[in-house]
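Q: Just dropping this structure here.
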């Protein structure tokens with residue numbers, strides 16, 4: 001049964017239970033092992049993207065990850081004009097594939113999906129438990145409507161949510177949702193221990209690798225504002241259609257602790273599965 005809510009470290013090397021107490025018996029803070037799955041996403045290459053997602057989950061599990069965190073619109077590509085014909089509902093073919101991967105490899109997965117509905121498409125994400133159950137779905141709110149025609153439908157800010165899991169309370173939002181202070185405030189009121197954000201962080205080729213610094217600043221800011229350890233997973237690839245045609249995604253995924261300190265960085269323009277031991281904020285901060 002699929003039951004979900006619509007709530008809708010290698011710093012130098014660029015290298016959670018319901019209502020739980022995150023202090024171990026020795027009084028030290030707990031942590032969670034997160035695999036940042038910085039994969040290549042090729043516009044419209046559903047089979048290839050599916051293979052890369054599955055391979056990354058397998059590698060994450062082999063590394064001992066408890067969570068595998070993927071980028072935005074991972075099966076189809078971001079602001080891809082083919083998305084209107086390739087998108088699937090949730091539950092549907094793509095989300096079912098993610099649920100199988102989570103169940104088979106016993107890891108929690110967060111991933112961005114293009115969601116088909118009667119009125120159009122959403123830039124959505126799901127959080128899937130290690131038993132294959134969809135725990136949360138979020139539909140992107142800050143959709144940058146000028147970049148896709150017809151544009152992504154907009155989600156509702158009141159659906160920003162977090163859910164209790166065996167590893168702690170996890171919140172989710174998508175990419176540009178993290179630019180908005182009001183979204184930070186709403187998420188902070190949900191009191192997550194961990195915030196997972198899939199990104200499609202793109203810029204002109206000549207602006208990389210410096211453009212990665214702006215992603216660092218964005219993730220640091222949301223982590224400190226919400227008071228939750230935050231994982232920002234970016235992809236590799238190129239936008240092939242629309243106003244931003246030619247802009248590239250070149251990795252530089254970012255992990256920050258609940259104070260906004262960077263504790264893990266993906267490498268620039270390298271496909272990788274980066275394992276980061278992410279400390280969860282002390283109970284007193286929540």
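Q: Against the definition (in contact with a strand residue (DSSP E or B) (Cβ under 8 Å, 6 or more places away or on another chain) and assigned to a loop (DSSP other than H, G, I, E, B)), how does residue 192 come out, yes or no?
A: Yes.
Q: Can you pull out the residues in region 178-189 that are closer than 13 Å to residue 140 by Cα and not in a loop (DSSP other than H, G, I, E, B)?
A: At the first step, the residues of region 178-189 found to be closer than 13 Å to residue 140 by Cα are 178-180, 183.
If the condition is that a residue be closer than 13 Å to residue 140 by Cα and not in a loop (DSSP other than H, G, I, E, B), then 178, 179, 183 are the ones that fit.
Q: Restricting attention to region 210-224, does a residue exist that is closer than 30 Å to residue 118 by Cβ and either touching a strand residue (DSSP E or B) at 6+ places or on another chain (Cβ under 6 Å) or surrounded by fewer than 22 Cβ atoms within 10 Å (Cβ to Cβ) (or both)?
A: Within region 210-224 (the criterion being closer than 30 Å to residue 118 by Cβ and either touching a strand residue (DSSP E or B) at 6+ places or on another chain (Cβ under 6 Å) or surrounded by fewer than 22 Cβ atoms within 10 Å (Cβ to Cβ) (or both)), the answer is no, since none of the residues qualifies.
Q: Looking only at strands (runs of 3 or more DSSP E) that lie completely in region 196-265, which have at least 2 residues being farther than 20 Å from residue 184 by Cβ and at pLDDT 95 or above?
A: Result: 236-238, 248-250, 262-265.
Q: Which residues, taken from region 266-283, are closer than 22 Å to residue 167 by Cβ and not in a strand (DSSP E or B)?
A: Passing the criteria: 266, 280, 281, 282, 283.
Q: Output yes when any residue across region 270-282 is surrounded by fewer than 17 Cβ atoms within 10 Å (Cβ to Cβ) and modelled with pLDDT under 95, and no when none is.
A: yes
Q: Can you find a residue that is crowded, with 21+ Cβ neighbours inside 10 Å, in contact with a strand residue (DSSP E or B) (Cβ under 9 Å, 6 or more places away or on another chain) and on the phi > 0 side of the Ramachandran plot anywhere in region 149-171?
A: Among the residues of region 149-171, at least one is crowded, with 21+ Cβ neighbours inside 10 Å, in contact with a strand residue (DSSP E or B) (Cβ under 9 Å, 6 or more places away or on another chain) and on the phi > 0 side of the Ramachandran plot, which makes the answer yes.
Q: Here's something else I'd like to know. I need the full set of residues from region 105-123 which are more than 10 Å from the chain's Cα centre (by Cα), crowded, with 22+ Cβ neighbours inside 10 Å and under 21 Å from residue 169 (Cβ atoms), in order please.
A: Listed by number, the residues that qualify are 107, 108.
Q: Further question on the same structure: Anything in region 60-76 that is in contact with a helix residue (DSSP H, G or I) (Cβ under 7 Å, 6 or more places away or on another chain) and outside any helix (DSSP H, G or I)? List them, or say none.
A: The answer is 68, 70, 72, 74, 75, 76.
Q: Still on this structure, I have one more. Evaluate the following for residue 56: is it buried (at least 16 other Cβ atoms within 10 Å of the Cβ) and either more than 24 Å from residue 230 (Cβ to Cβ) or more than 18 Å from the chain's Cα centre (by Cα) (or both)?
A: No: the conditions fail for residue 56.
Q: May I ask you to list the residues in region 219-250 that are touching a helix residue (DSSP H, G or I) at 6+ places or on another chain (Cβ under 7 Å) and over 25 Å from residue 43 (Cα atoms)?
A: Selection gives 222, 225, 226, 227, 229, 230.
The values are calculated or read from the model by the stated rules, or taken from the named source; none is laboratory data. Everything numeric in this text was worked out from a predicted model, so none of it was measured. Cβ: placed from backbone, ideal geometry, glycine included. Neighbour counts: every protein chain shown.
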